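Engineer: What follows is a single structure, and I will ask about it in a moment.
Throughout, read-outs are computed from the coordinates displayed, never taken from laboratory work. Predicted model only: the values in this text are computed from it and were never measured. Here the Cβ positions follow ideal geometry from the backbone for every residue, glycine too, while neighbour counts run over all protein chains shown.
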Amino acid sequence: MLSAILPYYESRFGNASSLHWAGREAREALEKAREAVAETINADPGEVIFTSGGTESDNLAVKGVAYALKRKGRHLITSSIEHPAVLESFKALEMEGFKVSYIPVDRDGIVDVGKLEGEVRPDTILISVMHANNEVGTIQPIEEIGDIAERRGVYLHTDAVQTMGKLPIDVERLKVSLLTISGHKIYGPKGVGALYVREGVEVKPILHGGGHEGGLRSGTENVPGIVGLSVAAKYAVKEMDETVHRMRSLRDRLIRDLVDQVPGSILTGHPVKRLPNNAHFCFPGIEGESLILALNELGVAASTGSACSSRKKEPSHVLLAMGLDPVAARGSLRLTLGKWNNESEIEYAVKAIAETVEKLRGISPVTR
Ligand code: PLP
């Protein structure tokens, strides 16, 4: 990936909007990247809009559809366990007078599809449900929700930031109108992402300016980042079967050994319908933050809550929505495997977690 990006930092400084040779060189790279990203999700290149990442893509999808269709209706549907980039976009729309239904999830984190369908009204303009959850890894029945959206004539957006390279993504099969991806979850650069917008789907821009990206996302395109994203996406899909097979077997061992060796550990999320690299536990009686800090000292990089909100003190909104009690939710541990993890790292992590949990249980204020 680096060798593909470097020329655009070293010598090819053209702006993709310029008409001279340097601009054309950049435009060519940009359009090649668009084709490559489109191919990974079975879309047409013209349906891919480059953005600054998952957060911007989610904002553009949710707010962009709301603003484009507000004359048709002002009701939107989402789940209660979305990433903050989606949830906070809906909260912002509520402040502007839009109505939002938040669909509950079951104990495993699966959205209640029956309830979702029951919430669709004549003025519903968008459903947004994530492909897989970033904390507990639960995979949502997007195809089933896509059937409902199609039948009821409502746009469906899915946040697929967590699933690229882990699950097949085919926008036709999923029946989505909009889909979010991000570079940094697929070993690509940070600060770059894309939004798939099906041809004909109405979206209003949220960034105004020179009308780049078909008028949907103004601002000079980040050519090196976009090239990096396209290479990363290509590799993520090409290597998916092999990577997923390896990660899943390591992850299964991690879960088995942790449940065996740490008394009272609760595996959170769906036992089977979960991302192949995700293991999530609750250890009642433990403060998640203390566990993470102790593990960090032992060289184990883990998180509690979601990576972006683990500095917050409150229990995760995802775990609370799944019905976990707040005390158990505060003792959460998320372990995410990377494609380079190996057996001995799993063994080491299990040992480190077992010892740390035992130690903390002796002193944790939560148990007192
Ligand atoms: N959506 C999900 C599911 C995520 O996990 C993340 C970040 O990790 C985002 C959106 C935000 O993406 P970005 O960090 O590229 O803005």
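Engineer: Taking the Cα-to-Cβ direction at Arg24 and at Arg121 and moving 7 Å from each Cα, how far apart do the two end points lie in nm?
Structural biologist: 5.5 nm
Engineer: Moving to a separate point now. How big is Rg to Rh over region 240-362, alpha-carbon atoms, Rh as the Kirkwood inverse-mean-distance radius?
Structural biologist: Rg divided by Rh gives 0.94.
Engineer: Relative to the present Cα-Cα distance, how much length would full extension add between Glu143 and Glu314 at 0.36 nm per residue of separation?
Structural biologist: 58.3 nm
Engineer: Run the paramagnetic zone check for Arg152: 7 angstrom along Cα to Cβ, then residues of region 71-87 with backbone nitrogen under 17 Å.
Structural biologist: 72-81
Engineer: How many lysine pairs are close in region 153-281, with Cα atoms under 14 Å apart and the two 8 or more places apart or on different chains?
Structural biologist: 5
Engineer: Quick one: order Leu337, Leu250, Leu320, Leu179 by neighbouring beta-carbon count within 10 Å, fewest to most.
Structural biologist: Lowest count first: Leu320, Leu250, Leu337, Leu179.
Engineer: Here is a follow-up. Which value results for Rg/Rh of region 195-302 when Rg is the Cα radius of gyration and Rh the Kirkwood radius based on the inverse mean 1/r?
Structural biologist: 1.15
Engineer: Under 26 Å between alpha carbons: how many lysine pairs meet that in region 1-99, if sequence neighbours fewer than 8 apart on the same chain are excluded?
Structural biologist: Summing the qualifying lysine pairs gives 8.
Engineer: Which order do Ile142, Ile286 fall in if you start with the one that has the fewest other Cβ atoms within 10 Å?
Structural biologist: Ile142, Ile286
Engineer: In what sequence do Asp241, Asp170, Asp108 fall when counting other Cβ within 10 Å, fewest first?
Structural biologist: Fewest-to-most Cβ neighbours within 10 Å comes out as Asp241, Asp170, Asp108.
Engineer: Starting from the Cα gyration tensor of the chain, multiply each eigenvalue by 5, take the square root, and state the resulting semi-axes largest first in whole Å.
Structural biologist: Working from the Cα gyration tensor, I get semi-axes of 36, 26, 17 Å.
Engineer: With r as the distance between the Cβ atoms of Arg71 and Glu239 and R0 = 35 Å, compute the FRET efficiency 1/(1 + (r/R0)^6) and round to 0.05.
Structural biologist: Computed FRET efficiency for Glu239 and Arg71 comes out at 0.20.
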